[in-house]
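S.K.: One structure coming up, written as structure tokens, with questions to follow.
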Amino acid sequence: MSLVSIKDMSFSYGDIDALKDVSLSFNKGKLVGIIGANGSGKSTLIKCLCGLLEIDAGHMTFEGRNLSTIPKRELATQIGYVPQIQEKTSPSTVFDTVLMGRIPHLTWAPTEKDLEVVIGAMDTMEISELSLRDIHELSGGQRQRVFIARAMAQEPKVLCLDEPTSNLDIKHQLGLMRTIRDITREKRMLALMAVHDLNIASQYCDSLVILKEGGVFMEGEPNEALSKNNIKNAFGIDVAIHKHGDYMHIVPVEDKNVEFFEN
Amino acid sequence: MNRILAVLKNKAVKSNEPSKGSNILSDYDTYTAKKISFIVLCSVLVIFTAMIALTQGSYGLSIKEVFLALIGRGTRITHTVVWNIRMVRILSAIFAGIGLAVSGMIMQNILRNPLASPSTLGVSHAASFGAAFAIVAFGSGRISSHGGSAVTFTMPYLIALSAFGFSMISTSVIILLTRFRDATSETLVLAGVAMGSLFTAGVTSLRYFAQDEVQLSAIIFWTFGDLGRTGWTTAMIIAIGSTVASIYFFLNRWKYNAMNGGENVARSLGINTEKVRIIGLIVSSMITALIVSFVGIIGFVGLVVPHMARKVIGNDSRFLIPASCAVGALLLLVSDTFARTLISPIVLPVGILTSFLGAPMFIYLILKGRHNW
């Protein structure tokens, strides 16, 4: 049985269809990259899975249970959400921010176990040194790690990340991707990640889902999913694909005929 | 290098525990202990100020006389002054301060808006209109010959009810506005200011319909909050209301902490943000209306106090809720004591003093923008 499965799921913002007839299933221990052009429905898919948006049709299951009937607080102990970094946040120390992840587990005050989980999550994300710093004093990369640590503190089985590497420099992108891949393997978690950079996606993800205009255009291992044709189809650009040992390297090829701002 | 030393040092003390974790925890404990000390300090200051305030006034009393009166060994006069006049006023100041400050803190939290407060969102003004409306429509104002104040009210509960009803109009408008995703902090406050002037205009026009001087002076009293018009009953109602509201907010402190992470994060942590927002706004409007209907508009306490407390102890609702209560009580008690003694024997309405204090602070917050959030 898959950990998460989605069947014929649709969602629309008013009149605009954001996702239609999406069917997917995911197993634990995997890092799955969700790629696609802007507006293809990556963030929407992630928000539906985290219970932030109510789907219009179809159904989603988590461990065989209908996801939309799971109480939100219980769902919060199973699925963790890491928002795009643009969301505005109030000042808070790193420790307090990570402690927020224990809220679904808490009743009155944090127990020894809660504090241990917080410390463990900070340790995993390598932010222990920053414990009492305010999150607004941190760099973008550090702050992203704090937000992932908060989701880790929920002790979820699924981690949903909305473009965690955007706004990071290349070194922090690689470091973060490696950490996320390692935790999915060690903790046997499923990580679903909306991601823009195709090279990063192909290098770290176990499998990829390509969305196009709200539908699943392709899913599979990075090597097969990221063919020249698929990329042309999903993103509307021509690319050359080079092999560097085990890694693929996707380079856009400038084509004067491509209309970049088609309506 | 420092880190290695710290680790080694810690290992030497507790060899069987993960050193890094216990270091972080003990640092965190120190950090929270500071917050708790601040709350305790403010609470002690409230009691201290209350003692001083008992000695101040047109009838001079020494600390010893106050003390004797408190334990029931005073003369008849000192007993009356301490218990029937000053104590009522001091308790009103403390609990009105608590109620207004905690309402402002919760409004700022759930609307994620540093400029939110009962007075900036128009809730106070709507409540004062409701109170004035009840006086004119049902004739609840009467001349009274005792106490420091010239007016008392024959139907205080009707006034309170009417104040609450009208405050819900402002609250509903704010709730409706929060449903628009692009409603910014400034939009909400501008709408609040607009409703504030609307209800102020309403109060002014009610003056034309006032049947006699008593009603007129009753209405005017509402535009300046004055703690001198409470009796033991109303003081107790304010005390119970503020205490119950504060306890309710404190019980939900983790929800307000989750709200600090932003709408989506709070919801992903299992919080029904819509419900938290609506109930939070209703409870804080209720307590505001209760206070306004008995003492009039005391502006800016709800806006300024949470920022003062936040500046010292940060945003964590576990500490910010009690800290706002303590600072609110202290600020209003100090302001009222000054208002009573500054140009004695004339007693200024405390609302005038808090507005002089709060208006510059409001402008400062606008200029400073969102940097403190």
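The values are calculated or read from the model by the stated rules, or taken from the named source; none is laboratory data. Because the structure is predicted, anything quoted here is derived from the model rather than measured. Cβ: placed from backbone, ideal geometry, glycine included. Neighbour counts: every protein chain shown.
S.K.: Since B:Thr75 meets every condition but one in (1) surrounded by 12 or more Cβ atoms within 10 Å (Cβ to Cβ); (2) free of Cβ contacts under 8 Å to residues at least 12 places away in the same chain, which condition does it not meet?
M.R.: Checking B:Thr75 against (1) surrounded by 12 or more Cβ atoms within 10 Å (Cβ to Cβ); (2) free of Cβ contacts under 8 Å to residues at least 12 places away in the same chain, the one that fails is (1).
S.K.: So which residues in segment A:76-98 are part of a loop (DSSP other than H, G, I, E, B), of a type in the set (A, V, I, L, M) and under 21 Å from B:Asn272 (Cβ atoms)?
M.R.: A:Ala76
S.K.: Within segment A:16-41, how many residues are crowded, with 21+ Cβ neighbours inside 10 Å and part of a loop (DSSP other than H, G, I, E, B)?
M.R.: Residues in segment A:16-41 being crowded, with 21+ Cβ neighbours inside 10 Å and part of a loop (DSSP other than H, G, I, E, B): 2 in total.
S.K.: If you scan segment A:205-218, which residues turn out to be within 16 Å of the chain's Cα centre (by Cα) and among the acidic types (Asp, Glu)?
M.R.: Listed by number, the list holds a single entry, A:Asp206.
S.K.: Looking at A:Asp238, is it more than 13 Å from the chain's Cα centre (by Cα) and of a type in the set (Asp, Glu)?
M.R.: yes
S.K.: Oh, and also: Residues in segment A:99-119: is at least one under 30 Å from B:Gly314 (Cβ atoms), among the small types (Gly, Ala, Ser) and either modelled with pLDDT under 90 or not assigned by TED's automatic domain parsing to the domain that holds A:Leu208 (or both)?
M.R.: So far as segment A:99-119 goes, yes, one or more of its residues are under 30 Å from B:Gly314 (Cβ atoms), among the small types (Gly, Ala, Ser) and either modelled with pLDDT under 90 or not assigned by TED's automatic domain parsing to the domain that holds A:Leu208 (or both).
S.K.: Something else about it: If A:Glu116 satisfies all but one of (1) surrounded by fewer than 18 Cβ atoms within 10 Å (Cβ to Cβ); (2) more than 9 Å from chain B (Cβ to nearest Cβ); (3) part of a helix (DSSP H, G or I), what's the number of the condition it fails?
M.R.: Of the numbered conditions (1) surrounded by fewer than 18 Cβ atoms within 10 Å (Cβ to Cβ); (2) more than 9 Å from chain B (Cβ to nearest Cβ); (3) part of a helix (DSSP H, G or I), the odd one out for A:Glu116 is (2).
S.K.: Closer than 18 Å to B:Thr273 by Cβ, in a helix (DSSP H, G or I) and more than 7 Å from chain B (Cβ to nearest Cβ): does that describe A:Gly101?
M.R.: So A:Gly101 fits the description; yes.
S.K.: So, one more: Can you name the condition, by its number, that B:Phe250 falls short on among (1) closer than 14 Å to B:Gly97 by Cβ; (2) at pLDDT 90 or above; (3) more than 13 Å from the chain's Cα centre (by Cα)?
M.R.: (1)
S.K.: Separate question: Filter segment B:268-297 down to residues that are within 14 Å of chain A (Cβ to nearest Cβ), crowded, with 24+ Cβ neighbours inside 10 Å and in a helix (DSSP H, G or I), then give me how many there are.
M.R.: Final tally of qualifying residues: 1.
S.K.: Counting only residues that are without any contact (Cβ under 8 Å) to a residue 12 or more places away in the chain and among the small types (Gly, Ala, Ser), how many does segment A:170-199 have?
M.R.: 0
S.K.: Can you tell me which residues in segment A:121-151 are small (Gly, Ala, Ser), within 11 Å of chain B (Cβ to nearest Cβ) and not in a helix (DSSP H, G or I)?
M.R.: Within segment A:121-151, A:Ser131 is the sole residue that qualifies.
S.K.: Let me ask you something else. Quick one: in segment B:216-263, of everything that is more than 22 Å from B:Gly351 (Cα to Cα) and among the aromatic types (Phe, Trp, Tyr), which residue is nearest to the other protein chains (Cβ to nearest Cβ)?
M.R.: Here the residue is B:Trp254.
S.K.: Do we have A:Gln154 as touching a residue at least 60 places away in the same chain (Cβ under 8 Å), within 11 Å of chain B (Cβ to nearest Cβ) and surrounded by fewer than 21 Cβ atoms within 10 Å (Cβ to Cβ) here?
M.R.: It is false that A:Gln154 is touching a residue at least 60 places away in the same chain (Cβ under 8 Å), within 11 Å of chain B (Cβ to nearest Cβ) and surrounded by fewer than 21 Cβ atoms within 10 Å (Cβ to Cβ).
S.K.: Report, by residue number, each residue of segment A:42-63 that is among the small types (Gly, Ala, Ser), within 21 Å of A:Pro83 (Cα to Cα) and not in a loop (DSSP other than H, G, I, E, B).
M.R.: A:Ser43
S.K.: Now a separate question. Considering segment A:222-238 alone, what residues qualify as being surrounded by 14 or more Cβ atoms within 10 Å (Cβ to Cβ) and touching a residue at least 24 places away in the same chain (Cβ under 8 Å)?
M.R.: A:Pro222, A:Leu226, A:Ile231, A:Ala234, A:Phe235 - these are the residues of segment A:222-238 that are surrounded by 14 or more Cβ atoms within 10 Å (Cβ to Cβ) and touching a residue at least 24 places away in the same chain (Cβ under 8 Å).
S.K.: Could you pull out the residue among A:Leu208, A:Leu176, A:Leu192 that is touching an Asp or Glu at 6+ places or on another chain (Cβ under 8 Å) and either in a helix (DSSP H, G or I) or farther than 24 Å from A:Phe95 by Cβ (or both)?
M.R.: Only one candidate passes the filter, namely A:Leu208.
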